[in-house]
Amino acid sequence: MPVIGRFDTSDLDRDIVYLYQPGDGQDAALVASDGKISTATDVAQQSAFAYPLAAPYRGEGFPDDIVWLEPHERRVTTWRLGDGVLALEQATQVGQGELGLVRGEQIPAIGDFNGDGRADIMWQGVSNLPAGLQDTVDVLWLSQSTATELSFAVVSKSIGYSYRPFVGDFDADGIDDIFWQRSWGLTSRGPSAWSTGPSYVWYFDDTGGHEAKAFVLDADYSPYVGDFDADGCHDIAWFDAVGDMLHVWRCLPNSRDFDCGVLVPTPPSAAPVGMHWGF
């Protein structure tokens, strides 16, 4: 499993590919230098079966650290990296319940949700009631990390079901937001009635609080998020695979609204690739 991040303290502008092999396999790293790619094996090893989330939890002046969610063990392991390439300075383990995560599936979205320059994690709980597990909850981890410690403040949130998170700054205030897409859930008879409710944009502020604004789609599109016009505000391109069109919503800076009037044809039998902080 490739994990990409700024793992080299001597060059924080360069991404390193950490080749994580769950279990007892040998982890390694791909390092590019002087036009060549080499493999480094003298790097931190992770033998657990876990989901890695690499991000600048301490801010831009430090390497990206890694948060590992281990659902089987119901714990979270944090890796604070030190000098070198993927050099483990400190590993800390804590039960996931101490960080507000209950048993069940969790979907993370990573962004700076209070504008302090440190990456945070929004955890969306997915209902596991049919499997006999207790219902899950939604929590926001606001990074409180320092140069020598990784830590998070836990803030309760409430999202609901049948949403997909996409992260971007949708009002150009320098703070990441989340838009929660609610798919139409098409069936052979048309859209499923229970899944055609509104989607939402959560506009975050500098406290980690948010204002929710609803918007409605009229068909089943695939969204792609990016700052397509370089104005500091993230736009949304909705891909219509049936009509071979992109419906582009241009974010209007400082207004918390979109200009939805751009329609762009796409190549037949093609689909776009790429999204900002998608999971």
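The values are calculated or read from the model by the stated rules, or taken from the named source; none is laboratory data. The structure displayed is predicted, hence computed values, not measured ones. When we count neighbours, we look across all protein chains shown, and the Cβ atoms used for this are built from the backbone with ideal geometry, even at glycine. Each accessible area value is taken on the protein alone, full model and side chains, heavy atoms only, with ligands, DNA and RNA left out. Shrake-Rupley method; radii C 1.70, N 1.55, O 1.52, S 1.80 Å.
For the chain, with every protein chain kept in place, what is the accessible area per residue (1.4 Å probe, Å²)?
Roughly 49 Å² per residue, with all protein chains present.
As an exercise, use a Förster radius of 51 Å and the Cβ-Cβ distance of Leu30 and Cys260 to find the FRET efficiency, rounded to the nearest 0.05.
After rounding to 0.05, the efficiency reads 0.80.
Provide the descending list of Cα extents for the range 68-187 along its principal axes, expressed in whole angstroms.
So the three principal-axis extents are 53, 40, 25 Å.
What is the distance, in nm, between label points placed 7 Å from the Cα along the Cα-to-Cβ direction at Glu60 and at Asp220?
If labels sit at Glu60 and Asp220, their model points lie 4.2 nm apart.
Taking only Cα atoms of the range 18-141, what ratio of Rg to Rh do you get with Rh as the Kirkwood inverse-distance radius?
Expressed as Rg/Rh, it is 1.01.
Any idea what % of Cα-Cα pairs in the range 1-44 are farther than 12 Å?
61 percent
Kindly write out, for the range 111-126 in residue order, the coupling ³J(HN,Hα) from the Karplus curve 6.51 cos²θ - 1.76 cosθ + 1.60 (θ = phi - 60°), rounded to whole Hz, with x marking Gly and Pro.
x, 9, 8, 9, x, 9, x, 10, 6, 10, 10, 9, 9, 9, x, 10
If the rule is a partner Cβ under 4.7 Å, which cysteines in the chain fail it?
Cysteines lacking a close Cβ partner in the chain: Cys260.
Under a point spin-label approximation (7 Å from Cα along Cα-to-Cβ), what is the Ser127-Asp83 distance to one decimal in nm?
For the pair Ser127/Asp83, the computed spacing is 5.4 nm.
Once neighbouring chains are kept in place and the probe is 1.4 Å, which whole percent of the accessible area of the range 1-148 is contributed by carbon and sulfur?
The nonpolar share, carbon plus sulfur, comes to 49 percent.
If you add up the charges near Pro56, with Lys and Arg at +1 and Asp and Glu at -1, over every other residue whose beta carbon is less than 9 angstrom from its beta carbon, what do you get?
Net local charge, Pro56 excluded: -1.
Restricting to Cα atoms and excluding each atom paired with itself, what does the Kirkwood estimate give for the range 222-274 in Å?
Roughly 11.5 Å, rounded to one decimal.
Per 0.36 nm of contour for each residue apart, how much would the distance between Thr148 and Leu252 grow if the chain were fully extended, relative to their Cα-Cα spacing?
Using 0.36 nm per residue and subtracting the Cα-Cα distance, I get 33.5 nm.
For the chain, what does the convex hull of the Cα positions come to per residue, in cubic angstrom?
Spread over its residues, the Cα hull of the chain gives 165 Å³ apiece.
Expressed in nm², what is the orientationally averaged projection area of the convex hull enclosing the Cα positions of the range 80-120?
4.5 nm²
Percentage of Cα-Cα pair distances in the range 25-73 greater than 14 Å, rounded to whole percent?
When every Cα pair of the range 25-73 is considered, 66 percent fall beyond 14 Å.
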